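Below is one structure, written out as structure tokens; the observations come after it.
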Amino acid sequence: MPGSQNSYRNGPDAKGLFGHFGGQYVAETLMPLIHDLAAEYEKAKADPEFIKELAYFQRDYVGRPSPLYFAERLTEHCGGAKIYLKREELNHTGAHKINNCIGQILLARRMGKKRIIAETGAGMHGVATATVAARFGMECVIFMGTTDIDRQQANVFRMKLLGATVIPVVAGTGTLKDAMNEALRDWVTNVHNTFYMIGTVAGPHPYPAMVRDFQAVIGKETREQILEKEGRLPDSLVACIGGGSNAIGLFHPFLDDAGVQIVGVEAAGYGIATGKHAASLNGGEPGVLHGNRTFLLQDDDGQIIDAHSISAGLDYPGIGPEHAWLHDVGRVEYTSVTDDEALAAFHQCCRLEGIIPALESAHALAEVFKRAPTLPKDHLMVVNLSGRGDKDMQTVMHHLGDALAPQENKA
Amino acid sequence: MSRLQTRFAELKQHNRAALVTFITGGDPDYATSLAILKGLPAAGADVIELGMPFTDPMADGPAIQLANIRALAGKQNLAKTLQMVREFREGDSDTPLVLMGYFNPIHHYGVARFIEDAKAAGVDGLIVVDLPPEHNEDLCTPAQAVGLDFIRLTTPTTDDARLPTVLNGSSGFVYYVSVAGVTGAGSATLEHVEEAVARLRRHTELPVCIGFGIRTPEHAATIARLAEGVVVGSALIDQIADARSPEQAVEGVLGLCQRLAEGVRNARG
């Protein structure tokens, strides 16, 4: 394990590697900037002023700490493990994404950058980016695939309301990977004044480590909250994974607690056997894309295959390099759930808890529905409810509109 | 001496710059692309860069993105690109040929196997956009060990502090990307290019080739007065995109290549 013989938490090494994964695989134009960013981030991390300011915005602007909520009805329904939800959906802008954006915009300001760019899939990172850019008075350009624009129109409108320019990306399948390519192209072109706010724990070093650190507030709070409520650490953690930022944020503070079982849930789309999925670890191979070596969906020629998931936020053919490494060394178990399983869990959560989860988070919930019933009642399970589902109304209506129609008529 | 060294030495004797042409292997289809490749030396190309198609060409502008899409739609893959080189070498043993692309297809093919097959096919050098010197051990070091040149991109953001890192381990020539941007984007000012070349010369004795945004014989001639090589890619590829037939694509590319070559050849006259 990187950096130490007895910790899973010391990565990456000086070259940005988690074992064989990670690194800095980008065009030369960006290398000097990436080195600057890494150096600036190291300084900021150690600067009490930066830490203080970050804590201030996390509390008064984002609304942290987010509650750790005992999901009583969900627990009763499953009839096994005691289930807690980490309520990241209650953050400002409705997802965990803003934890990272607040950190990065403070860094951008330190570096004197005036223009923020970002890629977005479901639009949650785009909204969070547009939000902090508005708050700090910076120009904001969001790259979003045309397929995602179609299925996330409300978020597109939100970004525009917040003053961002949304650039539609038609290349490829018009999803997150294509948006990231286009953001990288913009960055190469405008490198002198632009800060690229990557939304997940992927990309070249220092992004995977930096985004993880900003998201680790999730796990740190969870640790304190569960100790306060239960007097002990949880037995298991469950989170969904696209790039993997909400998951690593929850997992990282617990990686060295051997008694905590950790489960990451990938999107299996129509099923891994169909080839139409977004499960890079369960259905991909190691490769190099978007600045890092990690597991990727690719064909026999090393060409990247388009991912598929009902959830736009998981619709990415790669995964953060730290997850690739945690998979490799076996510390975290990575499973997958299909579109249908996620949709079923989405409904259960709405009806049982009065919480409409994001389709991304519904993947984690689907895994809970599989596991919790088989576990003893004293098993403490924490699930990251990474985002709220308001943005997914259009998608869910499309899939289930007919089923709900009679009830709507009655009402 | 390698083919690249020999070629640049000859051109120095003749006091002229090299015309370096880029096309994407398999664009718009294998046969047409091979016909273009075979015709380039006679049309005045001194060094050839052959693109290895990739689904996610992050550093390329629209013209080369579309070339990649056309090539992949025609089922081009790395094995076929190497086959193109073998067929090219049957009729040309002098023109240096450099493969250019992104790392993932090579990584997937297997680095050791790729180096062996590229060398055997008659490849002279490699340009891999997303392999900075920080990752020399991934490909650069083993490739150079068998005599494949590893050509690095230097850019306006590569400052004096970083240049030695980038140039250390570079061989063949140095490719100066004259604008911070993607391929095919706007061009740099003459003053910028002059300064950049002067700066590079303080750090290296390798030939310097300038690329990005060079589209016309006049522009090529201007650059040819300043550097050892002029790289043209997107403008040639636009000829393929605009062609209504494979024959037109071949004629279009080779016709523009001839005009560019005239510009380069008469530049210092």
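The values are calculated or read from the model by the stated rules, or taken from the named source; none is laboratory data. All of these numbers come straight from a predicted model, not from anything done at the bench. Methodologically, a virtual Cβ is constructed for each residue, glycine included, from the backbone with ideal geometry; neighbour enumeration extends over all protein chains shown. Calculation scope for accessible area: heavy atoms of the full protein, side chains included, ligands and nucleic acids excluded. Shrake-Rupley method; radii C 1.70, N 1.55, O 1.52, S 1.80 Å.
How charged is the neighbourhood of B:Ala249? Take every other residue with its Cβ under 12 Å from the Cβ of B:Ala249, and add Lys/Arg as +1 and Asp/Glu as -1.
-4
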Anyone know which of A:His347, A:His125, A:His277 comes out most mobile in the 10 Å Cα GNM of chain A? A:His347
Express the accessible area of the protein assembly as shown per residue in Å², computed with a 1.4 Å probe while the remaining protein chains stay in the model. 35
Which chymotrypsin sites (Phe, Trp or Tyr not before Pro) from region A:26-83 combine a DSSP loop assignment with at most 11 other Cβ atoms within 10 Å? none
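Can you bin chain B into rounded, prolate or oblate? Criterion: square roots of the alpha carbon gyration tensor eigenvalues sorted a ≥ b ≥ c, rounded for a/c under 1.5, prolate for a/b above b/c, oblate for the rest. Write down the numbers at each step before the final one.
Working: a/c = 1.37, a/b = 1.08, b/c = 1.27.
Rounded shape, in that the Cα axes give a/c under 1.5.
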Apply 1/(1 + (r/R0)^6) to the Cβ-Cβ distance of B:Thr141 and A:Glu72, taking R0 = 56 Å, and write down the FRET efficiency to the nearest 0.05. 0.40
Per-residue average of other protein chain Cβ atoms inside 10 Å, peptide B:55-64 -> 6
Give A:Lys229/A:Lys377; A:Lys45/A:Lys114; A:Lys15/A:Lys276; A:Lys220/A:Lys276 a once-over and call out the pairs whose C-alpha atoms are over 24 Å from each other. A:Lys15/A:Lys276; A:Lys220/A:Lys276
Percent carbon-and-sulfur accessible area, the protein assembly as shown, ignoring ligands, DNA and RNA, probe 1.4 Å: 51
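How many Lys pairs in chain B lie less than 21 angstrom apart by Cα atoms, where the lysines are 8 or more positions apart or on different chains?
Details: B:Lys38/B:Lys75; B:Lys38/B:Lys80; B:Lys38/B:Lys119; B:Lys80/B:Lys119.
Value for chain B: 4.
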If you consider only alpha-carbon coordinates, what radius of gyration and Dmax does the protein assembly as shown have, in Å? 26.4, 90
Chain A, relative contact order [Cα under 8 Å, separation at least 6], %: 20
Considering protein heavy atoms only and a 1.4 Å probe radius, which residues within region B:118-145 exhibit an accessible-area decrease of no less than 40 Å² in the full assembly relative to the chain by itself? B:Asp130, B:Pro132, B:Glu134, B:His135
Between B:His192 and A:Leu233, what FRET efficiency follows from the Cβ-Cβ distance if R0 is 41 Å, with the result rounded to 0.05? 0.10
Here the net charge surrounding A:Ser311, from other residues whose Cβ is less than 9 Å away from its Cβ (Lys, Arg +1; Asp, Glu -1), is -4
With the contact rule set at Cα under 8 Å and sequence spacing of 6 or more, what percent relative contact order holds for region A:287-407? 18
How much accessible area is lost when chains A and B come together, counting both sides, with a 1.4 Å probe, in Å² rounded to the nearest 100? 2800
Give the calculated FRET efficiency between B:Ala31 and A:Ser7 to the nearest 0.05, with a Förster radius of 51 Å applied to their Cβ-Cβ distance. 0.35
Alpha-carbon centroids, region A:172-210 and region B:74-131: separation in whole Å: 28
Determine, for each peptide in B:66-75, A:312-321, the mean count of other beta carbons within 10 angstrom over its residues, then list the peptides with the highest first. A:312-321, B:66-75
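Plugging the Kirkwood radius over Cα pairs into Stokes-Einstein for region A:247-315, at a temperature of 25 °C and a viscosity of 0.890 mPa s, what D comes out in µm²/s?
Reported coefficient: 183 µm²/s.
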Is the shape of region A:52-171 rounded, prolate or oblate, going by the alpha carbon gyration tensor and its root eigenvalues a ≥ b ≥ c, with a/c under 1.5 for rounded and a/b larger than b/c for prolate? oblate
